[in-house]
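The values are calculated or read from the model by the stated rules, or taken from the named source; none is laboratory data. Everything numeric in this text was worked out from a predicted model, so none of it was measured. Here Cβ is always computed from backbone atoms with ideal geometry, including for glycine, and neighbour counts include all displayed protein chains. All accessible areas refer to the heavy atoms of the entire protein, side chains included, with ligands and DNA or RNA removed. Shrake-Rupley method; radii C 1.70, N 1.55, O 1.52, S 1.80 Å.
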Amino acid sequence: MVAGLGHEVLVANAGRVPLIHQSNRKNDRLDARHLAKLARLDPSLLAPITHRDGTAQAELSVIRARDAVVRARTALINCVRGLVKPTGLQLPACASAYFARKVAGLIPDTLLVAITPLLEQLQSLSDAILQYDEEIERLARTERPETKQLEQVTGVGASTALAFVLTISDPHRFSKSRQVGNYFGLRPKQNQSGESSPQLGISKAGDHYLRRLLVGSAQYILGRFGPDTDLRRWGLKLAERGGKSAKKRAVVAVARKLAVLLHRLWVTGATYQPLRNAGKAQFASAAV
């Protein structure tokens, strides 16, 4: 509304302005003065936030609603297993979507009153998730066709591709694709001072849900079913460096590279070549 009147609008990231949220003299008048001074000196000090349009926010809500239902289903499945366990019965492993039907005939008679309503709710949640999946597929194909570029990468499905596109909205916000990894909090934190430069975990800034999706895709790429790609080879080589946290660090590093790759594919519209670097190395060795 304010921007429509011709004014430049800056929405500050409150978590990145400690001058305000950590002040022991915090009131609206001082906050406004500090914000005005920072904006006049250098707007980047406010770490300004770019708002999505209403359509993108509504579409992203479908993905987030699906995630909430998936979490609820997982919690109910764990509850059913926990209720049955004291009886000495261990329910079989199976896909979450088929859990309610598969275990319905295995529940002890003494627990039917307690567990039958839970199984009914589980089936209802599975049906809802299926409806969400269909809607996400529809949105990706009809409303956001650019997601097709991102789905070229094995391990990146419609949900991840659509969430990536909707969260960023405008890919040209970033002058370099490698900035996207930082945007999603996948870069290591820094606390360097003098000769001290400790190794820290990732910053976990930005959208935590999309970061979780990227990590999940990275786990698939490095997993037993992941296809042979430059990204997989690089991640496995990184995981071989040893240490109890080597695999976890490799997964995060692959997630960061994956974010960069997806942004690059989106901006350029290029065809994904899974073994591009390996092909270059083979050609160079053959030339020698």
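Across the chain, the volume of the C-alpha convex hull divided among the residues equals 255 Å³ per residue. For a Förster distance of 51 Å, can you work out the FRET efficiency between the beta-carbons of residue 8 and residue 196, rounded to the nearest 0.05? So, using R0 = 51 Å, E works out to roughly 0.80.
The long axis of helix 246-268 is offset from the longest Cα principal axis of the chain by roughly 70 degrees. One quarter of the convex hull surface built on the alpha carbon atoms of region 12-160 amounts to 15.1 nm², the projected area averaged over directions.
Estimated purely from DSSP H runs of n ≥ 4, each contributing -39500 (n - 2.57), the mean residue ellipticity at 222 nm for the chain is -18000 deg cm²/dmol once divided by its residues. Stretched out straight at 0.36 nm per residue, the stretch from residue 234 to residue 85 would grow longer than its current Cα-Cα span by 49.4 nm. Peptides 177-185, 29-37, ordered by how many other C-beta atoms sit within 10 Å of their residues on average, highest first, read 177-185, 29-37. Using the Cβ-Cβ distance between residue 175 and residue 120 with R0 set to 45 Å, the FRET efficiency works out to roughly 0.30. Rounded to the nearest 10 degrees, the inclination of helix 230-239 to the longest alpha-carbon principal axis of the chain is 80 degrees.
Just want the answer: with Cβ charges of +1 for Lys and Arg and -1 for Asp and Glu, which residue in 76, 17, 269 is farthest toward the dipole's positive end in the chain? Checked the options; the winner is 17. The amide H of residue 202, built 1.01 Å from its N in the peptide plane, has 189 as neighbours under 5 Å, considering only residues 5 or more places off or on other chains. Rolling a 1.4 angstrom probe over the chain with all protein chains present gives an accessible area of which 53% lies on carbon and sulfur atoms. Ignoring solvent entirely, what values of log10 I(q)/I(0) come out of the Debye formula for region 219-269 at 0.27 Å⁻¹ when each Cα is a single scatterer? With one equal scatterer per Cα and no solvent, log10 I(q)/I(0) is -1.02. Legend: translational diffusion of region 24-64 by Stokes-Einstein, Rh = Kirkwood radius over C-alpha pairs, 37 °C, 0.692 mPa s; D = 257 µm²/s.
Note that region 148-215 presents 53 Å² accessible area per residue, ligands and nucleic acids not counted, probe 1.4 Å. What is region 179-251 by shape, rounded, prolate or oblate, if you read a ≥ b ≥ c off the alpha carbon gyration tensor as root eigenvalues and call it rounded for a/c under 1.5, prolate for a/b larger than b/c, and oblate otherwise? Note, shape of region 179-251 comes out oblate.
Rounded to the nearest 20, the size of the Cβ-charge dipole of the chain about its Cα centre is 1260 debye, with Lys and Arg at +1 and Asp and Glu at -1. What is region 133-288 by shape, rounded, prolate or oblate, if you read a ≥ b ≥ c off the alpha carbon gyration tensor as root eigenvalues and call it rounded for a/c under 1.5, prolate for a/b larger than b/c, and oblate otherwise? Taking the square roots of the gyration eigenvalues as a ≥ b ≥ c, region 133-288 is oblate. A crude spin-label estimate for the pair residue 131 and residue 112, with each label 7 Å from Cα along the Cβ direction, gives 3.0 nm. Peptides 100-109, 156-165 ranked from most to least packed by the mean count of surrounding Cβ atoms within 10 Å: 156-165, 100-109. Averaged over its residues, region 1-64 has an accessible area of 77 Å² per residue, based on protein heavy atoms and a 1.4 Å probe.
If R0 equals 22 Å, the separation of the Cβ atoms of residue 64 and residue 95 corresponds to a calculated FRET efficiency of about 0.45. Here each label is just a point 7 Å from Cα along the line to Cβ, and for residue 50 and residue 27 those points are 3.8 nm apart.
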